[in-house]
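Below is one structure, written out as structure tokens; comments come after it.
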Amino acid sequence: MKKILLLFLGISALLISCNKDDDITINGPGGASVNVQDFMWKAMNIWYFWQSDVADLADDRFPTNEEYIEFLASELDPADFFDNKLRFSEDRFSFYSDDYKTLTENLSGISRSNGLEFGLFLYGENDTDIFGYVRYIVPNSDASTKDISRGELFTGVDGQSLNESNYRDLLFGENATYTLNMADIADGVITPNDKSVELTKQDGLVENPVFIVKSFDINNQKIGYLMYNGFTNEFDETLNDAFGQLLADGVTDLVLDFRYNPGGSVNSSRLLSSMVFSTNTNNLYIRQRWNEKLQEAFSEEQLADYFADKTGAGTAINTLNLNRVYILTTGSSASASELVINGLDPYIEVIKIGTTTRGKNEFSLTMVDDPNRDGAPFIYTPSREDRINPDNNWAIQPLVGRNENSVGFSDYTAGFDPDIELREDLENLGVLGDENEPLLARAIQEITGISGKRDFTVKTPVKLYTSSKMFAPMKDNMVLDKPIHLNLDLK
């Protein structure tokens, strides 16, 4: 079986005699280049998780070169080609970028941003108007120098009221600078005020995802709190240091705050889970499941990921060895955040507080026009940037597999429901990291068993439409960042 799969992969990589391996431009019937479409089809044909479900990605779809090229030219915009011809109807998360450098920089936590992280909310008579609310502000950003803070609202940009038709251009367009028109909220009623805040996007802003780490001594219990806003592998050492601090503080219970964490690195999720539970490398964390033709081409060693005792840099992992953990979640908690929940669940008690998570259970890979990469055609690696077709800057980020936990569970496309439901309140968002902030306070109450007279009534619950993080290049993708090598050598 494996020999047949390897044979197919070799044929797939060589399919169509006019290919990028020879730096030949492929032109459609009208003379327009379809090189980008060619790259997209070949990469998706090999790696896409739903390859067998998309008729146009079938191995025998095109009997001749002419039919193949005609298909590539059926959509001259690569974005339309990807969305309309290649993507499976049930795929909610695969995407593309016309600049692979911007995409890969974002994997490292680098982006063009003013540092304001916010959610957007529909309101008005027909739910077509939009307002924004500030979730948090990235340190050392432009927003961190301005008079704006968590919990504030805005209804307009540059004097224009936000709505479904204009918010993308006004907030996420090419404009480097814009002015927010602020508003107040009381008893569910939003009222514009006279305050305005000018913000400027910075190129190369780096966000440290380890946002808050602290300990509380409550009722003679040491409770640790970690707000972690993205699984960015460049900050794995910082994450390990944070757990070192919690360990030194004698923490016996931990609250992980993933409420705004859209995911990222699979390996960072493995390291964090090891910091929570165990460094026993005999315990299976997750196992990958690829598309039907690739699954058998990987060895068991390649498919399985075990808990870790060292970081990628070789530093011993600081582990709390807990038998339970409390995780704060919202609909913005996705991919690698959910992977931590799923990967820990067979081993320890995972108590979820907040609202249902996003339901992002597939992992992705960044693919570029590098078909000759040995053992992993099209998969991006920084050391091969000089081998990427210089005439094609496009990248795709397709879903290529799912991660099952140690008991084989991976079906959480509907998200993980909370064990204790509590929505964020627009009129009382609280201060992140403060023991009186509602979600953290509810976790502390659960840990200590002290209910007191705290009222967790929510006056104006957050019902998220979208957020600023969904317009970052990586959105809510879960990225498989481990060495991949398939033996494509048929000799």
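The values are calculated or read from the model by the stated rules, or taken from the named source; none is laboratory data. Here the structure is a predicted model, which is why all the values come from computation and not from measurement. No Cβ is skipped: glycine too gets one built from the backbone with ideal geometry, and neighbour counts run over all protein chains shown.
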*Within the stretch 69-84, is even one residue modelled with pLDDT of 65 or more, more than 24 Å from ARG384 (Cβ to Cβ) and over 32 Å from the mean Cα position of the chain (by Cα)?*
yes
*What do you reckon, is GLU427 within 25 Å of PRO209 (Cβ to Cβ) and of a type in the set (Asp, Glu)?*
no
_Among the numbered criteria (1) crowded, with 19+ Cβ neighbours inside 10 Å; (2) more than 23 Å from the chain's Cα centre (by Cα), which one does GLU427 miss?_
(1)
*Just for the stretch 174-194: of the residues that are exposed (fewer than 13 other Cβ atoms within 10 Å of the Cβ) and over 19 Å from ILE148 (Cα atoms), which one is nearest to the chain's Cα centre (by Cα)?*
GLU174
_Subset tally (residues that are within 30 Å of ASN240 (Cβ to Cβ) and free of Cβ contacts under 8 Å to residues at least 24 places away in the same chain) for the stretch 178-225_ = 2
*Would it be correct to say that ASN403 is assigned to a loop (DSSP other than H, G, I, E, B) and of a type outside the set (Ser, Thr, Tyr)?*
no
*Kindly check whether there is at least one residue in the stretch 307-320 that is closer than 18 Å to VAL407 by Cβ and either touching a residue at least 60 places away in the same chain (Cβ under 8 Å) or acidic (Asp, Glu) (or both).*
no
*Residues of the stretch 99-120 that turn out to be out of contact with any helix residue (DSSP H, G or I) (no Cβ under 6 Å at 6 or more places or on another chain) and at pLDDT 95 or above, as a count*: 2
*Regarding GLU174, is this residue of a type in the set (D, E, K, R), modelled with pLDDT under 95 and more than 24 Å from LEU480 (Cβ to Cβ)?*
yes
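Out of the residues in the stretch 60-96 that are under 19 Å from GLY401 (Cα atoms) and charged (D, E, K, R), state the one that is surrounded by the most Cβ atoms within 10 Å (Cβ to Cβ).
ARG87
Matching residues to (1) aliphatic (A, V, I, L, M); (2) outside the structural domain of VAL138 (by TED's automatic domain parsing); (3) within 28 Å of PHE258 (Cα to Cα):
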position: SER161; (1), (2), (3): no, no, no
position: SER165; (1), (2), (3): no, no, no
position: GLY173; (1), (2), (3): no, no, yes
position: THR177; (1), (2), (3): no, no, no
position: LEU180; (1), (2), (3): yes, no, yes
position: ALA183; (1), (2), (3): yes, no, yes
position: ASN193; (1), (2), (3): no, no, no
position: LEU199; (1), (2), (3): yes, no, yes
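Rundown of residues vs (1) in contact with an Asp or Glu (Cβ under 7 Å, 6 or more places away or on another chain); (2) free of Cβ contacts under 8 Å to residues at least 60 places away in the same chain; (3) closer than 24 Å to THR102 by Cβ; (4) surrounded by fewer than 24 Cβ atoms within 10 Å (Cβ to Cβ), yes/no style:
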residue: PRO346; (1), (2), (3), (4): no, no, no, yes
residue: ILE351; (1), (2), (3), (4): yes, no, no, yes
residue: GLY354; (1), (2), (3), (4): no, no, no, no
residue: THR366; (1), (2), (3), (4): no, no, yes, yes
residue: PRO371; (1), (2), (3), (4): yes, no, yes, yes
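Kindly indicate the residue of the stretch 110-142 that is on the phi > 0 side of the Ramachandran plot and surrounded by fewer than 22 Cβ atoms within 10 Å (Cβ to Cβ) and also farthest from the chain's Cα centre (by Cα) among those meeting that condition. Full working, then the answer.
Of the residues in the stretch 110-142, the ones on the phi > 0 side of the Ramachandran plot are 115, 124, 127, 140.
With surrounded by fewer than 22 Cβ atoms within 10 Å (Cβ to Cβ) added as a condition, the list becomes 124, 127, 140.
On the way: GLY124: 30, ASP127: 27, ASN140: 23 Å.
Checking each candidate, the answer is GLY124.
Could you tell me whether any residue of the stretch 403-413 is touching a helix residue (DSSP H, G or I) at 6+ places or on another chain (Cβ under 8 Å), charged (D, E, K, R) and either buried (at least 19 other Cβ atoms within 10 Å of the Cβ) or free of Cβ contacts under 8 Å to residues at least 40 places away in the same chain (or both)?
So far as the stretch 403-413 goes, no, none of its residues is touching a helix residue (DSSP H, G or I) at 6+ places or on another chain (Cβ under 8 Å), charged (D, E, K, R) and either buried (at least 19 other Cβ atoms within 10 Å of the Cβ) or free of Cβ contacts under 8 Å to residues at least 40 places away in the same chain (or both).
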